[in-house]
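Comments concern the structure below.
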2 protein chains.
Amino acid sequence: MNNIFRVNLSERSVNQVEVPESYQALGGRALTSQIIYDEVKPTSHPLGENNKLVFAPGLLSGTRAPSSGRLSVGSISPLTKGIKESNSGGTAAQDLAKLGLKALVIEGKAEQDNQVLVIDKDGVRLEEDNSLAGLGNYEVGDKLRQKYGEKVTIMSIGPAGEYKMTAASIAVTDTDDRPVRAFGRGGLGAVMGAKGLKAIVIDDEGAPGVELTDEDAFKEASRKFSKIILDHPVSGEALRNYGTAVLINILNEAGGLPTENFRSGRFETANKISGETMTETIKERDGKPGHSCHPGCIMGCSNVYHDDKGEYLTAGFEYETIWAFGAHCNIDDLDYIAYFDRCCDDLGLDTIETGVTFGVFMETDMIEFGDKEEVKRIFDEEIRKGTPLGQILGSGSETTGRVFGIDRVPTVKRQSIPAYDPRAVKGVGVTYATSTQGADHTAGYSVTANILKVGGEINPLKKEGQVDLSRDLQVATASIDSTGLCLFVAFAVLDSDEALPTVVDMINAQYGTNLTVDDVNELGQQILNVERKFNEKAGFTKAHDRLPEFFEKEELPPHDVKFDLSEEELDSLYNFS
Amino acid sequence: MNNIFRVNLSERSVNQVEVPESYQALGGRALTSQIIYDEVKPTSHPLGENNKLVFAPGLLSGTRAPSSGRLSVGSISPLTKGIKESNSGGTAAQDLAKLGLKALVIEGKAEQDNQVLVIDKDGVRLEEDNSLAGLGNYEVGDKLRQKYGEKVTIMSIGPAGEYKMTAASIAVTDTDDRPVRAFGRGGLGAVMGAKGLKAIVIDDEGAPGVELTDEDAFKEASRKFSKIILDHPVSGEALRNYGTAVLINILNEAGGLPTENFRSGRFETANKISGETMTETIKERDGKPGHSCHPGCIMGCSNVYHDDKGEYLTAGFEYETIWAFGAHCNIDDLDYIAYFDRCCDDLGLDTIETGVTFGVFMETDMIEFGDKEEVKRIFDEEIRKGTPLGQILGSGSETTGRVFGIDRVPTVKRQSIPAYDPRAVKGVGVTYATSTQGADHTAGYSVTANILKVGGEINPLKKEGQVDLSRDLQVATASIDSTGLCLFVAFAVLDSDEALPTVVDMINAQYGTNLTVDDVNELGQQILNVERKFNEKAGFTKAHDRLPEFFEKEELPPHDVKFDLSEEELDSLYNFS
């Protein structure tokens, strides 16, 4: 029996409401974006009481579908001021789904900070715990597990969210109870902070679990889908062996690894921060490669990284993080980068936004590129303490550029461009420019056909075919983000004709529906249209579907390429809307 | 012989070009906005080399038309990211017009900072003076007068412009050679700073002067216009007697003086900072009320303010400044406010943007409302030195709100709302919301009919008639801003049927044209349309023609009014476009 739970923090009320007919077929991103569109005025202040936070597990979350533990959260982003769907792994999606929550809608603003929302088989209740004030996510977890039990899942904000920094994330605990999975992008930790909500505790003990209409059909489809994933060289092997950081060498080789704030596509000492080096280091120090962030994940792209004394330092150490603090900042010391990752997880900051921000900050005369000691000092002394400099850097690249008068800032819709240079991987450049989410590689991961030769092959240095590629991927991604499946299943989906029908089989077996592959495609388009309409009302136009001008002006070595898609070409992305 | 001078700082070139036919009838704002529209891509980074700065004297500048010494500057605003026309008094407009400059277009970006542009009867040349680095506008003036002569006019930036702060102004010297007039709004000092241009020196010795087609007709019209201005109680008396600060008591009485960051429309100790108190203080200390900022100004709204030892402290001490640092920040000490005014003039910061920013900053727990000592410390120790906190506050209210996570920020299109609460003076609220310039009282000064009973009478607390009023004023203002006439002539223009025809008579007598009053009205509409089209291409939509939501939510004492114009009503403002 699925329900939507509404928590109004201004009124301190919790309401359980039935799922309206029109929301029945929606989950994950489809549901969060639709509820935000239906209920929140697009010009509302992201940190005001009219904004909402909507959590929704994917359609398949809580089942035994492989790697189906993604949770979506929707809101107006304090970073972009547009609609935002951020999604995270960890154990929350499965717990919420098993407890029968179709969606959790957080409204209003508490009078007092340090609110804690507790969700268990008896329902949802609001508590307060002032001892959590100012604590990092690691310590928050320790305290809450003492109080609510060792097995609870915790979603929480660190100091960054409390400071309402626009790069603030919401942490989600993983299978080892560590706050290393995150709703990273878009600053939604600041929305949670503005609402006075410090943490959400989820206890799935005694949860009814997810009903399946046709158990046998589900089991068969699920088994088949697992095999498809495991048979693919990326999702079945490379990710488990080297983590997402396997991409460092690949992108560096391709000349698309943005280095020194997007001045080059090659980082001379890339090998020192590569996935291969990372994995070797992890093994030497008795860490763990090939870690799964939620039960039932069969790809295991995550890891546990120990310091040089063999003590736990961080986990879920990803390509984008290593790139952002590494090549982008000219830092080639994996232990330092791991420490910065740890800081971001504990403070509750998006590693991509924060890393890119440091690279932008390195354009000033206050810090040099490569100065890892100063980055460390700033994390410990400035960001954690919320000093003015800490507040600036916690606000992301766009604001940092604005405050320091820098005109070379890699952002789209105020969100930092991640780890693939749009000039040398033009397909992902199209995604950055046009996504409803601001610059976001996951919104349409054209790195597939551009670099990895997955789902076809398109010359990354040429503009031909890139708009069609990005469009197809953005539509498909919106659908996948609604299923609860990890986006990494896409590698297999793109290369196997059987994959998408099998996903549809699982959904039909669970819900007793008769969906087709076409329906899934239509759902993706529908999601993008809803998000785009919302953004339009919030004040976004085609003028925002553009890369910063320096990508059109400056040539990127080693291929000496510029971003050369015309405005008309970019605008043709939404030809279905 | 009028010419346009183009200075390209990247190429270090100066080109004198003939005025194209289509620009012949344009001056001031009409010309700056048209050139920016024609030549600058709206999505260019405001601090990048593709942005331009266009200075243009008004059509009547340089003549003996009364109070016709206003100079316009156009650009993309680093503050709003839209088109900007800022205009200033001082002696620059008359000098440039007499030297035959129809417009001065600054392009590109110098490799070295501290460029100085020298304009005299022999032309325009570029020099460099590294001894100016980091100096405030007062000292810059002293040094440049030593070098180029005591009588030169100087337009310069202070440290704020060099730091590229988005609240940075461009200072213009007045009749006493003090840098107290300013292109305040929109952060154009940062554009000048980004271009590496520290100062523009203008020497009008031997200037050919402005030709008049029909000298007698001009003299007659000019004399008539002077009489109209002097016969009006506001422009002929109140402004000279009490300066613009005469408005403190008037707005306080009307319940529209925004107090403590727009929490009330009444400031308990308003009398301590009123125009009457200011004038009394000035007289006691041998300062000067009724001062003119340029030769031939017959209104004399300016002043010279001495400290309690009788020494010069500041000049051009205005209502908006006194309000911003006064009522808005809960500070009722005129000497402190005068010191802050001096700091802004010297650092090169817009007093409105900076004062409003302090009030927003007072929402944090880093400073209390009313803490004048801390404001002083921040000016001296943070902003002047360009510390992180200084850089934040120098970036204006919107960025300060963003950095510190404040959701109660009085801005429209990222520019701070000035000294009239939009709930209690609804006509000016309409102007704030809809102006192409961001929140700007001068763009359509509905305070006239709302409060001053000039040009009719409309209940300021009601929405009826406000859109029509604001529209008429915005159109008229765009025209006036193109003539070089000070906007304060509008008081007389609104109350005298003879005034506008007389302005047209002066223009016709100067240029030998046959313009009518209808043409002037059409010109105003044309300017607004051009600016609006530019903003549309820059990414502005109706969603940006809105006040912050708290004005619709919070009642303003003492009248307990909200801003209640609907979106449709606001959008009807541009029904002529």
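No lab work stands behind these numbers, since they all come straight from the coordinates. In this text, all values refer to a predicted model and were calculated from it rather than measured experimentally. Methodologically, a virtual Cβ is constructed for each residue, glycine included, from the backbone with ideal geometry; neighbour enumeration extends over all protein chains shown.
Dimensions of the stretch B:3-202 along the principal axes, based on C-alpha atoms and rounded to the nearest Å, stand at 42, 40, 28, largest first. The 3J(HN,Hα) values that the Karplus relation (6.51, -1.76, 1.60; θ = phi - 60°) gives for the stretch A:200-211 are, in residue order, 10, 9, 10, 10, 8, 4, x, 5, x, x, 9, 7 Hz. Gly and Pro appear as x.
Kindly provide log₁₀ I(q)/I(0) values, in the same order as q = 0.12, 0.14, 0.15 Å⁻¹, from the Debye equation applied to equal alpha-carbon scatterers of the stretch A:179-323. Results for the stretch A:179-323 at q = 0.12, 0.14, 0.15 Å⁻¹ read -0.72, -0.91, -0.99.
Amide H contacts under 5 Å for A:Ser264: A:Thr259, restricted to partners 5 or more places along the chain or on a different chain, H placed in the peptide plane at 1.01 Å from N. Sequence-distant contacts, meaning Cα pairs under 8 Å at least 6 residues apart, place the relative contact order of chain B at 16 percent. 3J(HN,Hα) couplings calculated from phi for the stretch A:172-178 with the Karplus curve 6.51 cos²θ - 1.76 cosθ + 1.60 (θ = phi - 60°) are, in sequence order, 10, 6, 9, 5, 9, 6, 9 Hz; Gly and Pro show x.
For the rotational copy pair B/A, the chain B residue whose Cβ lies nearest the symmetry axis, together with its distance in Å, is B:Pro388, 2. With contacts taken as Cα pairs under 8 Å and at least 6 residues apart, the stretch B:3-202 reaches a relative contact order of 22 percent.
Summary of packing: across the peptides A:2-9, B:422-429, the per-residue average of other C-beta atoms within 10 Å ranks them, highest first, as B:422-429, A:2-9.
Charged side chains reduced to their Cβ positions (Lys and Arg at +1, Asp and Glu at -1) give the stretch B:124-275 a dipole of some 600 debye around its Cα centre. Once the mean of 1/r is taken over each pair of separate Cα atoms and inverted, the stretch A:76-157 shows a Kirkwood hydrodynamic radius of 14.6 Å. Over the C-alpha trace of the stretch B:419-515, radius of gyration and Dmax come out as 14.1, 46 angstrom.
Across the stretch B:38-153, C-alpha contacts under 8 Å between residues 6 or more apart give a mean separation that, scaled by the residue count, equals a relative contact order of 21 percent. Counts of other chain beta carbons within 10 angstrom of each beta carbon in peptide B:36-43 average 1.
Shape class of chain A from the alpha-carbon gyration tensor: rounded, with the ratio a/c of largest to smallest axis under 1.5.
Inter-copy label distances at A:Glu276, shortest first and taken from points set 7 Å along Cα to Cβ: 8.4 nm. Sorting B:26-34, A:301-309, B:281-289 by their mean Cβ neighbour count within 10 Å, with the most densely packed peptide first, gives B:26-34, A:301-309, B:281-289. Take each residue in A:406-419, count the other chain C-beta atoms within 10 Å of its C-beta, and the mean is 2. Taken residue by residue and averaged, Cβ atoms of other chains lying within 10 Å of the Cβ of A:45-55 number 3. Ranking B:Pro410, A:Leu469, B:Leu313 by Cα position along the charge dipole of the protein assembly as shown, where only Lys, Arg, Asp and Glu carry charges on their C-beta atoms, puts A:Leu469 farthest toward the positive end. Charge dipole (Cα centre; +1 on Lys/Arg Cβ, -1 on Asp/Glu Cβ; no other charges) of the protein assembly as shown amounts to roughly 380 debye.
Between identical copies, the spacing of B:Glu311 label points, each set 7 Å from Cα toward the C-beta atom, reads 5.8 nm from nearest to farthest. Kirkwood analysis of the Cα pair distances in the stretch B:243-420 returns a hydrodynamic radius of 16.2 Å.
With the label put 7 angstrom out from Cα along the Cα-to-Cβ vector, A:Asp335 ends up 5.9 nm from the copy partners, going from closest to farthest.
Give, in whole angstrom and from largest to smallest, the semi-axes √(5λ) of the equivalent ellipsoid of the stretch B:227-273, with λ running over the eigenvalues of the Cα gyration tensor.
Values: eigenvalues 142, 20, 10 Å².
Semi-axes, largest first: 27, 10, 7 Å.
Packing, taken as the mean count of other beta carbons within 10 Å per residue, orders the peptides A:66-78, A:436-448, B:521-533, A:324-336 from highest to lowest as A:66-78, A:436-448, A:324-336, B:521-533.
Each Lys and Arg contributes +1 and each Asp and Glu -1, all at the Cβ; summed about the Cα centre of the stretch B:244-371, the dipole is approximately 420 debye. Based on the alpha-carbon gyration tensor of the protein assembly as shown and its eigenvalue square roots a ≥ b ≥ c, which shape applies: rounded if a/c is under 1.5, prolate if not and a/b is larger than b/c, or oblate? Prolate shape, in that a/c is at least 1.5 and a/b is the bigger ratio.
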